[in-house]
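The values are calculated or read from the model by the stated rules, or taken from the named source; none is laboratory data. Model, not experiment: these values are computed from the prediction. Cβ placement follows ideal geometry from the backbone for every residue including glycine, while neighbour counts extend to all protein chains displayed.
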Amino acid sequence: MSENQNLLGINGLGRIAKLTLWEQIRLRHFHGFVVNIGREVGTGLEAVAHTIARDSTYGSLQKFLYGYRENDFNIKILDQEKGLLEIDGMPVTILRSARNPENIKWRQYGVRLVVDCTGAHKDPTVPSGMDKPSIRGHLAAGAEKVIISAPTKIADKAAKMPDDFGMFIYGINHLDFDPARHNVISAASCTTTGLSHMIKPLLENRETNKILTASMSTIHAATGSQSILDSSPKKGAEDLRKNRSIFNNIILTSTGAAKALEQVLPEIQKFGFMADSVRIPTNTASLIVLNVTFSSHMSDSGGPVVNRQFLNNIYKEAAAGSQKGLLVFSERQNVSADIIGFQASVVLEGHDTHTRTGFLDIPSEMLTQCGLKEAYDVRLPVTHAKIFGWYDNEYGSYVYSLAKLTVYIDKHM
């Protein structure tokens, strides 16, 4: 590879890493790729090529790129020892020795930007050069910026978040990226990505930004952290349900989406937000069920201003405006299979938007206790809404958004 080429480094070759490679090959923004696996795979590069070329969820790489499949499409092995491949005409170097980020030879290959998709290095407060591998090891190894394809997870709760860290979601707050400041970047999670695009239009409308409280449940496809069959939990594990078979169960668990959402949309700190996850036995495509309660008011005709049509219109405008291509409004009565591979951060299921308006009665004595000298009984309208949003938690929503963020950061480095 030429020194003048713009190369993207990818750490890992799991679900998100492989699909990131696929999407970046499709986009053709980078001239080539250096993929660190950190270990030998199978009997050689043929096994690596086999892994990259096929996917049980999205089919073959050729079909992904061109919409069809032929027997003559292959990944060329140029140099077995040096780990050189050619994929659809693009050079890809496979590294198979270093597990610790600071030992990966990014400097040698001229890699300036790395996407870490291992899920193993999510604590930006841990410095490099310690006994424990750190996400900052990528910077010590020569990279200028590193993107974590996950939200952060800080072991030391008393640790202060470093000044050079930022969490960004494309289309939400990616314009806040400062190349002079941010070296370690989190691309949040698939759920936070979809959720943020559902919340943003509500915060930007004066009739719906008076949120009293909100909660979210994600009906989430299985992930690699779950057990195929029942197994014994690791030492210290508190959530015993993740070790139950995902083939046979609906599993209640937690999600950090609400906490991550506060970092990309700080406005939600003004009201309470709860989030949980329900894992189901499907391979990808998930559903956000968003419940929001608004401080509302009645229209001149006597009905609530915030109703189903009003909310759907908000999302229609956002889908045609500032969030075009990221938020899609649909009334097609989708099922999860319809979303697999669909390129959008979230697909708003407008057919099932529901609202109900009730009244909160506040007696005059309560207002008097708040310091009002002259008070009367007050009746306040309150509207509760249930809003549904589909997202392909692997490629269509998350990797699609991650790739846009990666290209944006590379252009502004």
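Just to be sure I understand, how many residues within the range 39-71 are among the hydrophobic types (A, V, I, L, M, F, W, C), surrounded by 13 or more Cβ atoms within 10 Å (Cβ to Cβ) and more than 28 Å from the chain's Cα centre (by Cα)?
Total satisfying the criteria: 1.
Within the range 118-132, residues that are on the phi > 0 side of the Ramachandran plot reach partners that are of a type in the set (S, T, N, Q) with beta carbons closer than 9 Å, at six or more positions or on different chains, in the pairs Gly119/Ser149; Gly119/Ser225.
Every listed requirement among (1) in the same structural domain as His220 (by TED's automatic domain parsing); (2) in contact with a strand residue (DSSP E or B) (Cβ under 6 Å, 6 or more places away or on another chain); (3) surrounded by 13 or more Cβ atoms within 10 Å (Cβ to Cβ) is met by Leu380 save one, (3). Of all residues in the range 234-253, those being surrounded by fewer than 12 Cβ atoms within 10 Å (Cβ to Cβ), more than 23 Å from the chain's Cα centre (by Cα) and of a type outside the set (S, T, N, Q) number 6. One residue is enough: does the range 223-233 have a residue meeting the conditions under 13 Å from the mean Cα position of the chain (by Cα) and outside the structural domain of Cys117 (by TED's automatic domain parsing)? No, that holds for no residue.
Quick grid of which residues meet (1) part of a strand (DSSP E or B); (2) in contact with a strand residue (DSSP E or B) (Cβ under 8 Å, 6 or more places away or on another chain); (3) at negative phi; (4) modelled with pLDDT of 95 or more:
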{"position": "Leu212", "(1), (2), (3), (4)": "yes, yes, yes, no"}
{"position": "His220", "(1), (2), (3), (4)": "yes, yes, yes, yes"}
{"position": "Asp230", "(1), (2), (3), (4)": "no, yes, yes, no"}
{"position": "Arg241", "(1), (2), (3), (4)": "no, yes, yes, no"}
{"position": "Ala258", "(1), (2), (3), (4)": "no, yes, yes, no"}
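Filter the range 190-213 for residues that are touching a Phe, Trp or Tyr at 6+ places or on another chain (Cβ under 7 Å) and of a type in the set (A, V, I, L, M, F, W, C) and give the result. Selection gives Cys190, Ile211, Leu212. Taken over the range 275-300, residues that are over 14 Å from Leu202 (Cα atoms) and touching a residue at least 60 places away in the same chain (Cβ under 8 Å) amount to 15.
Condition check for Phe177 on (1) under 26 Å from Thr284 (Cβ atoms); (2) touching a residue at least 40 places away in the same chain (Cβ under 8 Å): one failure, at (1). Within the set Arg99, Arg112, the sole residue that is in contact (Cβ under 8 Å) with a residue 24 or more places away in the chain and closer than 22 Å to His31 by Cβ turns out to be Arg112. Within the range 346-360, none of the residues are assigned to a loop (DSSP other than H, G, I, E, B), farther than 15 Å from Leu290 by Cβ, among the hydrophobic types (A, V, I, L, M, F, W, C) and not assigned by TED's automatic domain parsing to the domain that holds Tyr58.
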